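Everything below concerns the one structure shown next.
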Amino acid sequence: MSEDSAVVDYHPMWEELGIDLPTHDALLSAVGQMYGDAFLTQENRPAGMSYLDFVMSEVHGLRVKELHDFRATGGKIVGTFCLYVPEEIVRAAGAWCVGLCAGAEFGYDEVERIMPRNTCALIKSFMGFELTNVCPYIKESDLIVGETTCDGKKKAYELLGEMQNVYVMELPQMKRPQDIAFYRAELDDFRAKVEELTGKALTAETLKASIKEVNDKRRALQRIAATRAASPAPISGKDALLATQVAFYDDVPRYTQMMNALADELEERVADGAGVAPAAAKRVLITGTPMALPNWKLHDIIEKSGGIVVGEEMCTGSRYYDTLVPEDGETVEEMFDALAAKYMDINCACFTPNQGRMDDIVRMAREYNADGVIDYALNFCATYQAEAFSVEKALQQAGIPIMKIDTDYSAEDIGQLSTRVEAFLEMI
Ligand code: BJ8
């Protein structure tokens, strides 16, 4: 992907994919406007963000073309929605993995014809993208992998399976040794499924390489995250969130290289005491449900209210990059054991009990010198909304201020949320 690329008309490619062109044009224009308003109005952004600006300007263009070209040579694309689906296995079997976005309110009228109105925004979003034919990533996916995390997703995958090639991985809901063994066996089945798709065998060599490659991506994100502990923060929360969101679908080695360059720049900023917000800006850690592209709503509200987001305990944040897969495995068996252990160490609210998440939030609030924590849950997400009470208790016990927010992707409550956020920032 080159930033020098001439402007290309992608309409023929989208048409070939079966995209509804007028609706899709309207979506892209709305996302472009949101992006300009949220990101390009920021001052003193790191120069390294120009790569992500470029990626976003080509969000349905150049990257989709890369997937398209890969498929034209026999390559396969696997679309995913959840952290528990290991990218390492997909890549080791010769396919590419793309996280399917679900961060915009789109096509809800169609969705509500086949699903309850009171379904979380994330599920409604990916179903809306599918039903209105506006997502080229879904169209480019040869296989879409779901997982039995929450009830809403489980039922949505049944419906999506009527329209796309969907495979569902079963996930346990506890983390006892027998649960980890169960997930480990699911990984074997998943491997077989991807190998069948690509016609290529995963080997110890390809798996070792893909573990290293995906770890490198996570290491770059860890470097960026570590700089956010500094005061003043060298990067806005919005820009850091965007970096994680793009990690789910960009080319892995290129993305890693560009994020390491960004991390170099941020480390220099920290050494020079340079930041994007005044040192006195109130520092906020966010925890909760993932924020899929193009969901920047809460970060935008906080930072336009004068605060700065210094970390995200979420799947579009630390849960994605905090832990690595050990790289010393030699056999496929050893590496699959390591993958099972790593992925079952993610603290999603779909698991019970989930004390590890409380510990992570308190630890992160301290490590990133947060003045307060905002617990963010999408409406109708029963697990995260229920767990917000445990989060509140853990933070109160640790003496860290907390505010709970339940919302969705609409702009309707932005005024009300801004008032609440401003009051919270004044209080902490
Ligand atoms: S590992 S957080 S990505 S499941 S918001 S659809 S839980 S009702 S997204 Fe998630 Fe994997 Fe867990 Fe992470 Fe359901 Fe809640 Fe909606 Fe959610």
Cα gyration tensor shape for segment 19-147, rounded if a/c is under 1.5, else prolate or oblate: oblate
Percent of Cα pairs exceeding the 38 Å cut-off, where the set is segment 10-427: 16
Protection-proxy order for peptides 176-186, 148-158, each taking the mean of Cβ atoms within 10 Å per residue, highest first: 148-158, 176-186
Amide hydrogen neighbours beyond the local backbone of Asn369, cut-off 5 Å, H modeled: none
Dipole magnitude of segment 1-100, debye to nearest 20 (Cβ charges: Lys/Arg +1, Asp/Glu -1, about Cα centre): 380
Cα gyration tensor, segment 13-78 - rounded (a/c under 1.5), prolate or oblate: oblate
Cβ-derived FRET efficiency at R0 35 Å, Ala271 paired with Asp328, nearest 0.05: 0.60
Average accessible surface area per residue within the chain, 1.4 Å rolling probe, Å²: 39
Magnitude of the charge dipole, segment 10-427, Cβ model with Lys/Arg +1 and Asp/Glu -1, debye to 20: 580
Gaussian network model of the chain, springs between alpha carbon atoms under 10 Å - residue of Asp371, Asp300, Asp189 with greatest fluctuation: Asp189
Vicinal HN-Hα couplings computed from phi for segment 199-214 (Karplus, 6.51 cos²θ - 1.76 cosθ + 1.60; Hz; Gly/Pro x): x, 10, 8, 6, 10, 4, 5, 5, 5, 4, 5, 6, 4, 5, 5, 6
Of Lys175/Lys200; Lys155/Lys193; Lys175/Lys393; Lys124/Lys297; Lys217/Lys342, pairs whose Cα-Cα distance is over 26 Å: Lys175/Lys200
Part-to-part distance (alpha-carbon centres) for segment 1-75 and segment 370-428, which is given in Å: 32
Dipole of segment 219-289, positive direction: furthest Cα of Ile235, Leu262, Thr289, with charges on the beta-carbon: Thr289
Accessible-area composition of segment 274-428, carbon plus sulfur, in percent [1.4 Å probe]: 53
Mean Cβ count within 10 Å, highest first, over the residues of peptides 377-384, 231-238: 231-238, 377-384
HN-Hα J in Hz across segment 123-128 - Karplus 6.51, -1.76, 1.60, θ = phi - 60°, x for Gly and Pro: 5, 4, 5, 5, 5, x
Relative contact order computed over the chain (Cα-Cα under 8 Å; 6+ residues apart), in percent: 17
Whether segment 161-204 is rounded, prolate or oblate, judged on the alpha carbon gyration tensor where a/c under 1.5 counts as rounded: oblate
Highest to lowest packing among 351-363, 123-135, scored as the average C-beta count within 10 Å: 123-135, 351-363
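The values are calculated or read from the model by the stated rules, or taken from the named source; none is laboratory data. Since the structure is predicted, the reported quantities are computational estimates derived from the model, not experimental observations. Neighbour counts are summed over all protein chains in view; Cβ atoms, including those assigned to glycine, are modelled from backbone coordinates with ideal geometry. Protein only, heavy atoms only, side chains kept; ligands, DNA and RNA dropped before computing areas. Shrake-Rupley method; radii C 1.70, N 1.55, O 1.52, S 1.80 Å.
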